[in-house]
Amino acid sequence: MSYLENTVTVITGASSGIGAATALKLAQRGSKIVLAARNEERLQGLVTQITQAGGVASYHLTDVGDRASVDELVNFAVSKYGKVDSLVNNAGLMLFSDWVDVAVDDWDQMINTNVRGYLHAIAAALPSMIAQGHGKILNMSSVAGLHVGGSSGVYSASKFFIRGITESLRKEVGVEHGIQVSMISPGVIDTGWADKVTNSDGRKAAQQLNKIAITPEQVADAVAYALDQPNNLTINDIVIHPTKQNW
């Protein structure tokens, strides 16, 4: 038996990586999936993959940095399936720079996605969860929210932020309203991120680090474990990283 059977799960950042792997995993366990991202072609392909395997899925083009767009996403899920049982706050952006680079544009992009995006999704989904008397919010953080690495000050700060709001949510809406609030903090994951690093030296270092990386599917297993629990049990925090990662 899966506690995800006949539930409705909204996943942000669902077009690739952890989001896509999580969508496939949760659909296998019987949850109806609402995929949110900006890449329509990938979303369409993932819906096809899920439905051909016997699952149920829809997508909604969403920019998590735009509050109205996220409100529309949750409204779409409710109108399509009648409710939202679980929110997987997964959309994220990781850009590297040193402080002396004063890369304000990069900082703004990460804050818009990693901070505002999470708040927008919580604000959109939480009221209906409280009204229905149950719900699950899973925030995707990172080991960067535990340890600050080189050239990742603002990215790490955004993940520390996620840790902070997750703990606050658990103590408030978890205790007072029975909303299950969880967090997954992965280490190095092979999502193709290393090839996107623009600095040549940084890209070489990232590609070297990526050789020990775990897969998105392994992180999706942790997400499924955290969400596939009865209403009276909450998995607060899971840290998952490669065995050979030393931080």
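The values are calculated or read from the model by the stated rules, or taken from the named source; none is laboratory data. Note that the coordinates shown come from a computational prediction; the quantities given were computed from them, not determined experimentally. Don't worry about glycine lacking a Cβ; one is built from the backbone with ideal geometry, like all the others, and counts go over all protein chains shown.
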| task | Tell me, please, whether a residue that is surrounded by fewer than 16 Cβ atoms within 10 Å (Cβ to Cβ), at pLDDT 95 or above and of a type in the set (V, I, T) can be found in the range 168-191. | result | yes
| remark: Picked from the range 1-33 (must be more than 15 Å from A226 (Cα to Cα) and touching a Lys or Arg at 6+ places or on another chain (Cβ under 7 Å)), the residue surrounded by the fewest Cβ atoms within 10 Å (Cβ to Cβ) is S16
| task | For the range 40-52, indicate whether the set of residues that are within 16 Å of the chain's Cα centre (by Cα) and of a type in the set (G, A, S) is non-empty. | result | no
| Conditions: (1) without any contact (Cβ under 8 Å) to a residue 24 or more places away in the chain; (2) buried (at least 23 other Cβ atoms within 10 Å of the Cβ); (3) of a type outside the set (A, V, I, L, M). N89 meets all but one. Number of the miss? | (1)
| field | Exclusive hit being touching a residue at least 12 places away in the same chain (Cβ under 8 Å), in contact with a helix residue (DSSP H, G or I) (Cβ under 8 Å, 6 or more places away or on another chain) and closer than 21 Å to N112 by Cα, set A14, A21, A57 | value | A14
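So that you can scan it fast, the table gives a plain yes or no per residue for (1) in contact (Cβ under 8 Å) with a residue 12 or more places away in the chain; (2) basic (K, R); (3) touching a Phe, Trp or Tyr at 6+ places or on another chain (Cβ under 8 Å); (4) surrounded by fewer than 17 Cβ atoms within 10 Å (Cβ to Cβ):
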| residue | (1), (2), (3), (4) |
| --- | --- |
| D105 | no, no, no, yes |
| I111 | yes, no, no, no |
| H120 | yes, no, no, no |
| S128 | yes, no, no, yes |
| G135 | yes, no, no, no |
| M140 | yes, no, no, no |
| Test result for L146, in contact with a strand residue (DSSP E or B) (Cβ under 8 Å, 6 or more places away or on another chain), farther than 13 Å from T9 by Cα and modelled with pLDDT of 95 or more | yes
| task | Looking only at the range 199-220, decide whether some residue is among the charged types (D, E, K, R) and either part of a loop (DSSP other than H, G, I, E, B) or modelled with pLDDT of 95 or more (or both). | result | yes
